[in-house]
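Notes follow once the structure below has been shown.
The values are calculated or read from the model by the stated rules, or taken from the named source; none is laboratory data. A quick note: this is a predicted structure, and the numbers were derived from the prediction, not measured. Reconstructed Cβ throughout: ideal geometry from the backbone, glycine too, with neighbour counts over all protein chains shown. Please note that ligands, DNA and RNA were not included when accessible areas were found on the heavy atoms of the full protein model with its side chains. Shrake-Rupley method; radii C 1.70, N 1.55, O 1.52, S 1.80 Å.
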Amino acid sequence: MAFARFAGAPRLRQCLGGVAALLVLAAGSAPAAAQDVNTLLTYEVSSDNISWGSSVNVLPSDTVYVRTLLTYTGPGTAAGVGQVIFQPVVSSWHSTDAVLNSAGSTAIEPLVTDRNSPLRGYYPEPGIWGRTRTFSAVAYSTSTFLRGHLGSGTAAGLLRIARADVTNWIGEGPTSGALAANNWNGGGGVNIGQIANPSRISSDPAFDASTDRVLVFGFAVQLDATPGSRTLDISTPAGGIGRVSTAGPTYGEQNARWFASTTEVSSSLRGGVEVIDAHINVIPAPGAVALASLGGLLVLRRRSRR
């Protein structure tokens, strides 16, 4: 997993240190067996929302755009995205940084609960963030909308994107049942999926059989004006991927699913996720650094005169 390269990994590992002990069906049962990876989740960043890459150099106060792409890497071929749930985590976050909301909304993604509404999932239109329409099969509501959550304690300095009602940090909360989504099974994150051909209604987008670098989600951050250099790493730890929380042989495994055919009702190709991180390098302009240094010298001189 790219999580090992994540600059916030030490703190996230502390937060998630108990997760491995939870990967059991019940007391005395064996942990879930290792699973094969079938999904590549790639984060990319941009300073202009046009040119994209794994890293970008920006100034304090700049806006930075982030997008997520999925690729099927499992055996054989897939015919589309069934469901992949993930929680983006950003390191080196300041409390005065901000995640941008969509135009006319109080959430990252426009608040639309009606499946027939054409507003749900309109990213990447200008000013609209969240999931792309084709892969927003599950609608959010006024209580489950996507937002940024600031970490505290061992997760201080981290930002996590998930549903508004998923208040626990990754790896915390009940380990089974509906409440496991807050936040042990990762199910309260960004829910990507499309509606299978047999279940689509006339207002649903056409089934998309793409499986290579499928654009599924985007958000933007407004950096604060704090001087000084820092690097914000964007990743998703293993526990932030949607996992199976019902009793059975796959309990605790990541649950990335793809359709085996365009006529399949349920997505049967299931596996784990590999994450490719992205990096935002905040590099102040040379003039700003010089002014900051000059200001420090003036303060020292004033103190020395006293």
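Listed conditions (1) over 26 Å from SER202 (Cβ atoms); (2) modelled with pLDDT of 95 or more are all met by GLN83, apart from (1).
Determine whether GLY218 is part of a loop (DSSP other than H, G, I, E, B) and either in contact with a His (Cβ under 8 Å, 6 or more places away or on another chain) or open to solvent by less than 30 Å² (accessible area, probe 1.4 Å) (or both).
Details: part of a loop (DSSP other than H, G, I, E, B): no; either in contact with a His (Cβ under 8 Å, 6 or more places away or on another chain) or open to solvent by less than 30 Å² (accessible area, probe 1.4 Å) (or both): yes.
Considered against the rule, which asks whether it is part of a loop (DSSP other than H, G, I, E, B) and either in contact with a His (Cβ under 8 Å, 6 or more places away or on another chain) or open to solvent by less than 30 Å² (accessible area, probe 1.4 Å) (or both), GLY218 comes out as no.
Taking the criterion of being among the acidic types (Asp, Glu) and open to solvent by 50 Å² or more (accessible area, probe 1.4 Å), the only residue of the stretch 191-215 that qualifies is ASP212.
Taking only the stretch 117-132 into account, find how many residues are of a type in the set (Lys, Arg) and modelled with pLDDT under 90. Talk me through it step by step, then tell me what you get.
In the first step, residues of the stretch 117-132 are kept if they are of a type in the set (Lys, Arg); the result is 120, 131.
Okay, now just the ones that are also modelled with pLDDT under 90, so 120.
Matching residues across the stretch 117-132 total 1.
Quick one: count up the residues across the stretch 263-288 that are in contact with a Pro (Cβ under 7 Å, 6 or more places away or on another chain) and either surrounded by 15 or more Cβ atoms within 10 Å (Cβ to Cβ) or closer than 27 Å to TRP52 by Cβ (or both). Spell out how you get there, then give the answer.
From the stretch 263-288, those in contact with a Pro (Cβ under 7 Å, 6 or more places away or on another chain) are 263, 265, 282, 284, 288; that's our starting set.
Adding the requirement that they be either surrounded by 15 or more Cβ atoms within 10 Å (Cβ to Cβ) or closer than 27 Å to TRP52 by Cβ (or both) leaves 282, 284, 288.
Residues flagged as in contact with a Pro (Cβ under 7 Å, 6 or more places away or on another chain) and either surrounded by 15 or more Cβ atoms within 10 Å (Cβ to Cβ) or closer than 27 Å to TRP52 by Cβ (or both) within the stretch 263-288 amount to 3.
Taking the stretch 225-245 as the range and being open to solvent by 20 Å² or more (accessible area, probe 1.4 Å), within 23 Å of the chain's Cα centre (by Cα) and either of a type in the set (S, T, N, Q) or within 28 Å of ALA285 (Cβ to Cβ) (or both) as the test, the residues that pass are ARG230, THR231. Which residue pairs have Cβ atoms under 8 Å apart, sit 6 or more places apart or on different chains, and have a first residue in the stretch 142-159 that is more than 17 Å from PHE86 (Cβ to Cβ) and a second that is among the β-branched types (Val, Ile, Thr)? Matching pairs, first to second residue: THR142/THR113. Of the strands (runs of 3 or more DSSP E) contained entirely in the stretch 127-202, not one carries at least 1 residues that are of a type in the set (Ser, Thr, Tyr). Within the stretch 106-115, the residues that satisfy the criterion of being farther than 30 Å from ALA156 by Cβ and open to solvent by 40 Å² or more (accessible area, probe 1.4 Å) are THR113, ASP114, ARG115.
Summed over the stretch 221-245, the residues that are part of a loop (DSSP other than H, G, I, E, B), touching an Asp or Glu at 6+ places or on another chain (Cβ under 7 Å) and farther than 26 Å from VAL37 by Cα give a count of 2.
Taking the stretch 48-105 and the strands (runs of 3 or more DSSP E) fully enclosed by it, the elements with 3 or more residues that are open to solvent by less than 20 Å² (accessible area, probe 1.4 Å) are at 63-72, 81-86. Taken over the stretch 246-259, residues that are surrounded by fewer than 23 Cβ atoms within 10 Å (Cβ to Cβ) and under 16 Å from VAL214 (Cβ atoms) amount to 1.
Of the residues that sit in the stretch 145-166 and are within 15 Å of the chain's Cα centre (by Cα) and open to solvent by 30 Å² or more (accessible area, probe 1.4 Å), which one is modelled with the lowest pLDDT?
Result: PHE145.
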